[in-house]
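Trainee: The structure under discussion is supplied below as structure tokens; questions concerning it will follow.
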Amino acid sequence: MDSADYALFRRQLMAWYSVRARDLPWRRTADAYRIWISEIMLQQTTVAAVIPYFERFLTRFPSVEDLAAAEEADVLRLWEGLGYYSRARNLRRAAQVIVEQYAGRFPADVAELQSLPGIGRYTAGAIASFAFDLRAPIVEANTLRLYCRLLGYEGDPRAREGSELLWQFAEAILPRKNPGLLNQALMELGATVCIPRNPQCDTCPVQRYCAAFRENRQESIPRPKTRTKITDITEVSIAIQQGPQFLLRRRTEKERWAGLWDFVRFEIDPGDPSNLIDFMVETVRTKTGLSIELGPQIVELKHGVTRYRITLRCFVAHRVKGRLLAREEWKWVAPESFHEFPLSVTAREFAVRLTP
Ligand code: SF4
């Protein structure tokens with residue numbers, strides 16, 4: 001495509017977008033705060049899953065000042081179930097920087113936006129172009145696929161060379177006027193028409209500019225990511241009971257789901273059932289300082305985290321004696337108060353089963 005083609009490309013795309021754009025809550029605004037929250041939530045998460053979270057989050061924290069003043073646990077509680085919890089912790093930290101260093105106003109500058117916690121090149125471009133109408137390019141999952149197909153690019157779009165090519169293209173097609181709207185139209189086209197499998201080329205407004213379509217290579221472009229090998233592991237989650245309360249532990253900064261609360265949890269070797277009970281009792285003693293009497297398994301849950309497929313066996317146990325180790329943050333919590341704590345998804349499922 002040359003510059004004359006770009007102009008036609010944009011016209012056709014915008015004509016399509018004006019009638020086909022989905023009405024999404026974060027599209028009804030040019031408010032940087034709302035755009036930022038939606039873009040962070042949409043990373044790794046579908047639009048349908050994000051909508052209720054977005055609405056709840058904005059009701060609870062309607063402004064950047066409200067978010068900056070929030071307790072981390074309250075932010076995590078609202079994020080519960082969305083996963084990738086560092087996003088929520090970074091949101092709160094970035095809100096504090098915006099309040100302290102920018103008097104609560106988002107900087108209208110890509111480099112300054114990118115210096116905030118959790119804001120990468122794409123998110124900075126989205127905020128800059130949607131909220132401030134700056135000519136800032138964007139490449140995210142949907143536009144990455146779309147640009148690869150338009151260019152017929154068969155290399156690895158995530159490697160340096162491919163990535164540079166796509167960012168250059170993303171910048172070259174932006175107009176001087178309303179670049180934010182064009183970015184939104186490109187993302188929408190990638191999300192709804194130029195989809196990963198069976199792209200809807202027959203209804204695509206930019207079909208005539210598409211190299212992959214011309215050469216019938218839509219299905220092989222972009223090059224798929226190399227698959228990560230999945231490892232199966234088994235963990236146990238042990239709800240230690242003392243009277244009417246159960247022991248919760250706050251997960252530390254170095255662990256996955258940092259800041260969330262969980263029952264005592266660790267990996268076991270399921271291939272050695274003879275020593276399993278002794279191993280569990282001893283591990284609990286080492287991790288908590290408590291001696292326990294192990295009760296029945298309540299439920300077995302399956303879930304995936306990054307490259308792990310986890311089988312989680314959930315037990316109850318009774319505290320017999322011992323004092324909790326001071327190096328960790330613990331709380332004895334009655335089931336009716338579990339809702340006050342942000343829990344990992346599996347801890348919540350287990351907690352529900354412990355609630356009468
Ligand atoms: S013609 Fe097909 S492959 Fe090309 S951009 Fe449109 S939907 Fe995607």
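Matching residues to (1) surrounded by 11 or more Cβ atoms within 10 Å (Cβ to Cβ); (2) at pLDDT below 95:
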position: TRP257; (1), (2): yes, yes
position: ASP269; (1), (2): yes, yes
position: SER274; (1), (2): no, yes
position: ARG285; (1), (2): yes, no
position: ILE292; (1), (2): yes, no
position: LYS302; (1), (2): no, no
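Trainee: Condition (residue is closer than 28 Å to ALA185 by Cβ, within 16 Å of the ligand (Cβ to nearest atom) and touching a Pro at 6+ places or on another chain (Cβ under 6 Å)) applied to the stretch 93-110: is it met by at least one residue?
Mentor: The answer is no; no qualifying residue exists.
Trainee: Which condition number does GLN207 fail, the rest of (1) away from the ligand (no atom under 16 Å from the Cβ); (2) surrounded by 11 or more Cβ atoms within 10 Å (Cβ to Cβ) being met?
Mentor: Answer for GLN207: the failing condition is (1).
Trainee: Going through the stretch 115-150 one residue at a time, which ones are within 16 Å of the ligand (Cβ to nearest atom), in a helix (DSSP H, G or I) and not hydrophobic (A, V, I, L, M, F, W, C)?
Mentor: Within the stretch 115-150, ASN142, THR143, ARG145, TYR147, ARG149 meet the criteria.
Trainee: Here's another thing I want to ask about it. Being assigned by TED's automatic domain parsing to the domain that holds ARG11 and not in a helix (DSSP H, G or I) is the requirement here; does TYR153 meet it?
Mentor: The answer is yes for TYR153.
Trainee: Residue under question is LEU13, and the condition is that it be modelled with pLDDT under 95, in the same structural domain as ASN183 (by TED's automatic domain parsing) and surrounded by 16 or more Cβ atoms within 10 Å (Cβ to Cβ); does it hold?
Mentor: Against the criterion (modelled with pLDDT under 95, in the same structural domain as ASN183 (by TED's automatic domain parsing) and surrounded by 16 or more Cβ atoms within 10 Å (Cβ to Cβ)), LEU13 does not qualify.
Trainee: Residues being crowded, with 19+ Cβ neighbours inside 10 Å and either within 8 Å of the ligand (Cβ to nearest atom) or free of Cβ contacts under 8 Å to residues at least 12 places away in the same chain (or both): count how many of those fall in the stretch 191-204.
Mentor: 4
Trainee: Another question, if that's okay. Give just the number: which of (1) under 22 Å from the mean Cα position of the chain (by Cα); (2) of a type in the set (Ser, Thr, Tyr); (3) within 16 Å of the ligand (Cβ to nearest atom) does SER220 not satisfy?
Mentor: Among (1) under 22 Å from the mean Cα position of the chain (by Cα); (2) of a type in the set (Ser, Thr, Tyr); (3) within 16 Å of the ligand (Cβ to nearest atom), the lone unmet condition for SER220 is (1).
Trainee: To continue, here is another question. From the list PHE213, PHE169, pick out the single residue that is free of Cβ contacts under 8 Å to residues at least 60 places away in the same chain and either within 16 Å of the ligand (Cβ to nearest atom) or in a loop (DSSP other than H, G, I, E, B) (or both).
Mentor: PHE169
Trainee: What single numbered condition from (1) at pLDDT 95 or above; (2) of a type outside the set (Lys, Arg); (3) within 16 Å of ALA258 (Cβ to Cβ) fails to hold for ILE310?
Mentor: Failed condition: (3).
Trainee: Hey, another quick one. Tally up the residues in the stretch 36-81 that are assigned to a loop (DSSP other than H, G, I, E, B), farther than 22 Å from LEU113 by Cβ and touching a residue at least 24 places away in the same chain (Cβ under 8 Å), please.
Mentor: Count: 2.
Trainee: Determine which member of the set ASN183, ASN178 is at positive phi and either away from the ligand (no atom under 12 Å from the Cβ) or not assigned by TED's automatic domain parsing to the domain that holds LEU146 (or both).
Mentor: From the options ASN183, ASN178, the qualifying one is ASN178.
The values are calculated or read from the model by the stated rules, or taken from the named source; none is laboratory data. The model shown is predicted, which means the values in this text are computed figures rather than measured ones. Don't worry about glycine lacking a Cβ; one is built from the backbone with ideal geometry, like all the others, and counts go over all protein chains shown.
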